[in-house]
Amino acid sequence: MAERVSAREAIALVSDGFTEQQLADLPDAGDGPLGWEGYGAQRDRAARRTGSAESVVYGTALLGGTECVLISFEFGFLGGSLSERAGDRLEAAYGLARERRLPLVSLIATGGSRMQEGMIALGQLQRVARASVLLREAGVAHIAVLRDPTTGGGWATLGAGADVILALPGAQVGFAGSRVRPADADPAAYTAEGQLAAGQIDAVVPPGSLRETLAFWVKALAPAAVAGEREPVEPPRALGAGGEPARTGWDAVRQARGAERPRAEAYLDDYFTRREPLRGDRCGGEDPGMLCGVGLRDGRPVAYVAQGGTATRPAGYRTAARVVRLADRLGLPVLTLIDTPGAANDAEAERSGAGAAIAELFTTMAAARTPLTSLLIGEGGSGGALALAAPGNTWATPASYFSVIAPELAAAILKRSPDQVPHLADQLRLRPEDLVELGVVRGIVGPG
């Protein structure tokens, strides 16, 4: 279990300065909308104990020198539960972020909706959802930090609905709180680490690194950081030892499959001065072979989607589409790196919706208004690779190929013998030089 801290201790952990906002005083609510016996006295005791008038504190803060709107939950106030007055504060915080066009950061620690206010409390989830929609429409980012615990409606709205979801190690995270789960439920599924493995959050961040990590995200996603930047980024340079261009199609295939060829990690490290991951498809899956996130290139934030050389699984395509949609909404340029033998085609991939996931990425790329840049760094196997290609702005490295189908699979379909595979590779015209001549890619990048 993660260490539990107060709302203001959580604020001090991440911010360089905080100015709390106050709402106008409301009449004493007594025992609340349900007339729950003793509820008023419970609130009074919680206020004296925590120094907070409600379970939510909000205001403006500086994170690494970047101004943002900050929400922090006080778990000591009736379990950080959502009430009507807490909903007032959340709605006000979202509105302030939208009005001032500042990133919104939520430090969440809540057990869910406040039972003593019944359906009035539960209805706050709709208020938060509406505020979230308005914030998205305004192109303002929301970064959530899941403290211990983050359960119930707080997880299902503020937490899971954020653009970037970070969590503290060991935090309880799940829709079901610890007292209402099935007796035989696997406890690991309700942890930050379990949710990371299930593709539901982006990163588990130790407390000592949280300030620096949040400072990166608010700076990278602040509207001011991307204002006026509508030009595509340049493709990365080619990495690896130079050599003679592939003389044959089969030479190109062998070069692209070479074990010594630099992979996506090397290209991303060479291209960006700093980057942070965006992981998971938010549907219960993650593809380790699809690397996504946001990086800084000469100080400019750029979203990236990069295949790592493995067959891409449905969760990978869904994650890629999620990241491209986020970049499009916030105005970030996108860089994609293409390197896959193709889409995963095993039975589990089909059951997980491979076709729908690939279609989603194709349409997301086609609909994107933000500038896209793609670089083919290795294998370009069929539609599973083309789904990541920027229409009209795809480049290739010398050690790469792009093909409608792998030569070996072409031989199988055409009922050709294995010794015909190299000839088929030539017929497919899959070399980088062929791709330029055919208009499939714009050019071949060099090492400069």
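Observations on the structure shown:
- Among (1) buried (at least 22 other Cβ atoms within 10 Å of the Cβ); (2) without any contact (Cβ under 8 Å) to a residue 24 or more places away in the chain - the single one Ala61 does not satisfy: (2)
- In segment 18-52, of all residues being within 26 Å of Gln172 (Cα to Cα) and in contact with a Leu (Cβ under 9 Å, 6 or more places away or on another chain), the one that is surrounded by the fewest Cβ atoms within 10 Å (Cβ to Cβ) corresponds to Gln42.
- Which listed residue is more than 16 Å from Gln116 (Cα to Cα) and either part of a loop (DSSP other than H, G, I, E, B) or assigned by TED's automatic domain parsing to the domain that holds Ile143 (or both), from Gln22, Gln42: Gln22
- Across segment 143-165, the qualifying residues are those that are in a strand (DSSP E or B) and within 16 Å of the chain's Cα centre (by Cα), and the one among them that is nearest to Gln200 (Cα to Cα) is Ile165.
- Residue in segment 332-351 that is among the basic types (Lys, Arg), at pLDDT 95 or above, over 17 Å from Leu386 (Cβ atoms) and not assigned by TED's automatic domain parsing to the domain that holds Leu196 present: yes
- Some residue of segment 317-329 being more than 26 Å from Ala198 (Cα to Cα) and either touching a residue at least 12 places away in the same chain (Cβ under 8 Å) or not assigned by TED's automatic domain parsing to the domain that holds Asp269 (or both): no
- Taking (1) under 18 Å from Thr363 (Cβ atoms); (2) buried (at least 24 other Cβ atoms within 10 Å of the Cβ) in turn, Pro301 satisfies each apart from (1).
- Count of segment 96-106 residues, restricted to those that are surrounded by fewer than 24 Cβ atoms within 10 Å (Cβ to Cβ) and in contact (Cβ under 8 Å) with a residue 12 or more places away in the chain, is 5.
- Looking across Thr397, Thr364, one residue alone is surrounded by fewer than 24 Cβ atoms within 10 Å (Cβ to Cβ), β-branched (Val, Ile, Thr) and outside the structural domain of His142 (by TED's automatic domain parsing). It is Thr364.
The values are calculated or read from the model by the stated rules, or taken from the named source; none is laboratory data. If you're wondering where the values come from, they're calculated on a predicted model, not measured in any experiment. FYI the Cβ positions are ideal-geometry reconstructions off the backbone, even for glycines, and counts take in every protein chain you see.
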